[in-house]
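Enquirer: Following this message is one structure expressed as structure tokens.
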Amino acid sequence: MLRTLLSPRLVGLHLVTVAVLISFAFLGRWQLGVFEESGRPHVVSDPAPVALTTLVPPGTRMPGEDVGRRVTAQGAFDAARQLLVAERAPTVEAGGGEVTGGDSGYWLLTPLALSDGTVMPVVRGWVPTAGDPATAVPEGTVTVTGRVQPPEPTDFARRRTAPLPAGQVATVSTSELVNLWRGLRLRDGFIVATGLSPAAQAAGKPESAGAGPIAAPPTPAGSGLRPVAVPPPTESGAFTWRNLAYAAQWWIFAGFAVFMWFHFVRDAVRASRTARTGDRDSGDEPGEDPDRGSERDADTAGPATPAAAVAQGGGSGARD
């Protein structure tokens, strides 16, 4: 059987089958990857910044399609109500306490009082320690540029066995901030700042002759202030079930190739066994005793010599 399986014809069949299986497996995995990718959120067009007051009206929840939009907001920070969001990484995509690689720090969460009397929470940046010099709040009227984010659920941070120190929170939750910042008309969600400039620059006031543009306030010396990374707007993907069907189709083809390989190998082994059995067959009838066959041959052959014939005849006469 082994000699049959290793015959040149079947070796070629083995190699072709292996190549077909590898190809079909990769094609099926490729179509499965296309199917999985189609369901992931993907980046959409990122329009120019708009005024926050026109995007999110007071007293309403932030629409899902506006998450990640670039906005501008002009007002004054309330330094007395600033909070630190504890155990956060410099990105909005990691929850509280889910920090690895030594990037555990604090978000600077400061309320921004707008001209219409409402307040918008602003994440000004990330600092490694609670006593960082960057915790100092800029004074005067400023213009904040950033991306709006929905309020975080209270379970977005890991459970703690002990309460946080005063002036610290675990998440940027509107429902929690309403209780902490009493008496303020709080807007839904928060802004992750990507830029901060004096209001004069945003208003387009003329600059003095020969002077350059008004720069953003410098980072204090010795500060570890870093911007908090925030992704651009995305929209949920729609699964393309056709690609999943294509993946299943390629794997079914691979199974059919295995079936055909087994069919051809089985037929080849059977044919080889039949040929070897035919070569070993003799003239004797199957199941016949060899001694009886020899006696039958001797009777039909007759006497071999005249003397034997006379002896045979005499013996017959004596018997008579």
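The values are calculated or read from the model by the stated rules, or taken from the named source; none is laboratory data. Not measured: the values here are computed from a predicted model. With ideal geometry, Cβ positions are generated from the backbone for all residues, glycine too; neighbour counts draw on all protein chains shown.
Enquirer: Would you call Val172 surrounded by 20 or more Cβ atoms within 10 Å (Cβ to Cβ), assigned to a strand (DSSP E or B), on the phi < 0 side of the Ramachandran plot and in contact with a Leu (Cβ under 7 Å, 6 or more places away or on another chain)?
Expert: no
Enquirer: Kindly indicate whether Val230 is at pLDDT 85 or above, touching a His at 6+ places or on another chain (Cβ under 9 Å) and surrounded by 14 or more Cβ atoms within 10 Å (Cβ to Cβ).
Expert: no
Enquirer: Given the conditions (1) under 31 Å from the mean Cα position of the chain (by Cα); (2) farther than 21 Å from Thr72 by Cα, and given that Asp132 satisfies all but one, which numbered condition is not satisfied?
Expert: (1)
Enquirer: Would you mention how many residues in the range 104-145 are at negative phi and part of a strand (DSSP E or B)?
Expert: Total meeting the criteria: 24.
Enquirer: Follow-up question, since we're still on this one. For the range 41-85, which residues satisfy the criterion of being under 34 Å from the mean Cα position of the chain (by Cα), in a strand (DSSP E or B), at pLDDT 85 or above and farther than 22 Å from Val169 by Cβ?
Expert: Val50, Arg70, Val71
Enquirer: May I pose another question? Evaluate the following for Val16: is it out of contact with any Gly (no Cβ under 8 Å at 6 or more places or on another chain), farther than 20 Å from Ala245 by Cβ, at pLDDT 85 or above and surrounded by 11 or more Cβ atoms within 10 Å (Cβ to Cβ)?
Expert: yes
Enquirer: I'm trying to understand the selection: among the residues of the range 41-94, which are of a type in the set (Phe, Trp, Tyr) and either over 23 Å from Asn179 (Cα atoms) or not assigned by TED's automatic domain parsing to the domain that holds Asp188 (or both)?
Expert: Result: no residue meets the conditions.
Enquirer: Mind listing whichever residues of the range 185-224 are modelled with pLDDT of 80 or more, surrounded by 17 or more Cβ atoms within 10 Å (Cβ to Cβ) and of a type outside the set (Gly, Ala, Ser)?
Expert: Leu186, Arg187, Asp188, Phe190, Ile191, Val192, Leu196
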